[in-house]
Amino acid sequence: MSERNVPNADRRYAAAVPEVPDRPQAPTGRLTDRRGRRLHDLRISVTDRCNFRCTYCMPKAVFGTDYAFLPQASLLTFEEITRLARVFAAHGVEKLRLTGGEPLVRRDVERLIGMLAAVTTPNGVPLDLTLTTNGSLLARKARALREVGLQRVTVSLDALDDKIFRAMNDVDFPVADVLAGIDAAEAAGLQPIKINMVVKRGVNDHEIVPMARHFRGSGRILRFIEFMDVGASNGWRMNDVVPSAEIARRIGEVFPIEPVEPNYQGEVAERWRYLDGQGEVGLISSVTQPFCGGCTRARLSTEGKLFTCLFATAGKDLRALLRGGFDDAQIAAAIGAIWSVRDDRYSELRSAATTGLRKIEMSYIGG
Ligand code: SF4
């Protein structure tokens with residue numbers, strides 16, 4: 001076993017340099033963890049910056065004007081991100097999701113997407129390439145994103161009411177521009193379009209039915225996300241959570257719905273369809289109905305730290321291996337060693353004792 005002590009530009013979040021097995025085994029394309037969960041999805045945060053200050057994710061009180069975002073030199077280059085994506089694909093990753101912060105604020109992100117669009121599984125199948133955005137830049141960028149190979153998008157939209165939306169993004173950004181971005185994405189052929197709404201009691205829960213009314217029959221899939229205790233700065237309280245069961249009941253009282261089978265094992269959102277055929281909605285219930293048992297997601301921060309859970313408190317520094325002269329086989333072996341001992345199930349273990357942990361900020365490792 002060999003280990004190098006490579007200096008780390010940013011000590012914000014602890015990340016040891018992973019061990020590299022002496023005799024790396026070739027990836028099998030089917031890497032599983034201690035709970036038999038396959039490594040299937042890689043979420044890549046391409047920036048820790050965002051042009052919004054959503055109160056449940058990047059509150060201004062913490063991410064103010066003097067907040068020290070990561071220096072450019074510490075960010076993975078597009079070539080490094082693409083190299084890692086290929087290594088993860090060899091381990092069985094079939095889906096890449098670009099996140100942030102806000103991924104579309106990363107300069108020249110279209111070039112990265114073009115590079116990732118060329119990455120395939122060991123059988124030569126292009127990976128499922130998607131992106132989660134706040135939609136603020138979508139109207140301007142949708143066509144270019146589609147042209148370089150992005151297949152679909154998920155847009156975060158927490159309210160239709162302009163006043164509430166502006167208050168939740170806390171930068172006075174108008175909802176009309178995000179709705180225009182969604183239309184532009186559809187016109188550009190980014191399909192299907194998913195809409196993510198984080199529901200916080202007393203803030204936007206009365207927007208549940210108006211959002212359902214607006215998107216039903218549109219072909220766009222609206223998902224309601226329970227307010228989560230991500231990171232360590234959003235002031236999470238259980239009282240602010242609207243359980244998915246209540247969300248389903250509220251919608252069902254106006255637009256009758258019924259549950260339907262997941263599209264695939266490990267799908268995050270629980271699917272419900274309108275009985276009148278006007279499409280479906282999704283419920284993402286990390287707090288009241290944990291889905292850790294089917295969690296196939298790894299997360300890569302914008303400076304190359306690997307996290308095996310959204311609620312992690314520490315990661316592993318893959319950038320040190322990339323810049324430390326290790327080859328792909330060695331990096332693959334290191335990732336294999338990390339995932340094979342993975343045992344994360346934070347949402348199943350959530351309790352008063354866990355919510356106080358210094359968890360990684362969602363704006364840093366992407367949702
Ligand atoms: S809490 Fe962690 S292990 Fe559970 S579903 Fe979320 S990311 Fe996966």
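Per residue, what volume in Å³ does the convex hull of the Cα atoms of the stretch 236-303 enclose? The partial results should precede the final answer.
Values: hull volume 8.9 nm³, N = 68.
Considering the Cα atoms of the stretch 236-303, their hull volume per residue is 131 Å³.
Could you tally the net charge around ARG43, taking each other residue with its Cβ under 11 Å from the Cβ of ARG43, Lys/Arg +1 and Asp/Glu -1? Don't jump to the answer; show the numbers that get you there.
Values: positive: LYS95, ARG97, ARG297, ARG299; negative: ASP41.
Neighbour charge sum, excluding ARG43 itself: +3.
Which order do peptides 249-259, 296-306 fall in by mean Cβ count within 10 Å, highest first?
296-306, 249-259
Taking amide hydrogens as modeled 1.01 Å from N in the peptide plane, which residues meet the under 5 Å criterion relative to GLY135, leaving out close sequence neighbours?
SER156
What is the list of residues in the stretch 29-68 whose amide nitrogen lies under 19 Å from a point 7 angstrom out from the Cα of GLN265, following Cα to Cβ?
29-42
Hey, can you grab everything whose amide H is under 5 Å from the amide H of ARG223? Only 5+ residues off in sequence or another chain; H modelled, so Pro and N-termini drop out.
Placed amide hydrogens put ILE195, ASN196, MET197, GLY282 under 5 Å from ARG223.
Taking θ as phi - 60°, what are the ³J(HN,Hα) couplings along the stretch 21-30 by the Karplus curve (6.51, -1.76, 1.60), each to the nearest whole Hz, with x for Gly and Pro?
Residue by residue, the stretch 21-30 yields x, 4, 10, x, 8, 5, x, 9, x, 8 Hz.
Taking H as built 1.01 Å from N, whose amide H comes closer than 5 Å to the amide H of LYS200, not counting residues under 5 places away?
ASP205
If you add up the charges near PRO24, with Lys and Arg at +1 and Asp and Glu at -1, over every other residue whose beta carbon is less than 11 angstrom from its beta carbon, what do you get? Let's see the in-between values first.
Numbers: positive: ARG23; negative: ASP22, ASP327, ASP328.
Around PRO24, the charge tally is -2.
Just order 270-282, 308-320 by mean Cβ neighbour count inside 10 Å, highest at the front, would you? The partial results should precede the final answer.
Values: 270-282: 16.8, 308-320: 21.2.
Peptide ranking by packing, descending: 308-320, 270-282.
In degrees between 0 and 90, to the nearest 10, how far off the longest principal axis of the chain does helix 244-254 point, with axes built from Cα atoms?
Compared with the principal axis, the helix lies near 30 degrees.
On the protein heavy atoms, probe 1.4 angstrom, tell me the percent of accessible surface of the chain carried by carbon and sulfur. Write out the running numbers ahead of the final one.
Details: 7750 of 15170 Å².
C and S atoms contribute 51 percent here.
Cut-off under 29 Å on the C-alpha distance; same-chain residues fewer than 8 positions from LYS141 excluded. Which lysines are left, in chain and number order?
LYS60, LYS95, LYS163, LYS194, LYS305
With a 1.4 Å probe and every protein chain left in place, work out the accessible area per residue of the chain in Å², rounded to a whole number. Present the calculation step by step, with values, prior to reporting the outcome.
Values: 15170 Å² over 367 residues.
Solvent-accessible surface per residue comes out at 41 Å².
If you count, for each residue, the other Cβ atoms within 10 Å and average over each peptide, how do 25-38, 142-155 line up from highest to lowest?
Descending mean neighbour count gives 142-155, 25-38.
If we restrict to alpha carbons, what Rg and Dmax does the chain come to, in Å?
19.9, 61
Give me the angle, in degrees from 0 to 90, between the Cα long axis of helix 175-187 and the longest principal axis of the Cα atoms of the chain, rounded to the nearest 10.
Long axis of 175-187 versus the principal axis of the chain: about 70 degrees.
Taking Cα atoms, how many degrees apart are the long axis of helix 78-90 and the longest axis of the chain, rounded to 10 and kept between 0 and 90?
90
The values are calculated or read from the model by the stated rules, or taken from the named source; none is laboratory data. Quick caveat: nothing in here was measured; it's all calculated off a predicted structure. As a convention, Cβ positions derive from the backbone with ideal geometry for all residues, glycine included, and neighbour counts pool all protein chains shown. All accessible areas refer to the heavy atoms of the entire protein, side chains included, with ligands and DNA or RNA removed. Shrake-Rupley method; radii C 1.70, N 1.55, O 1.52, S 1.80 Å.
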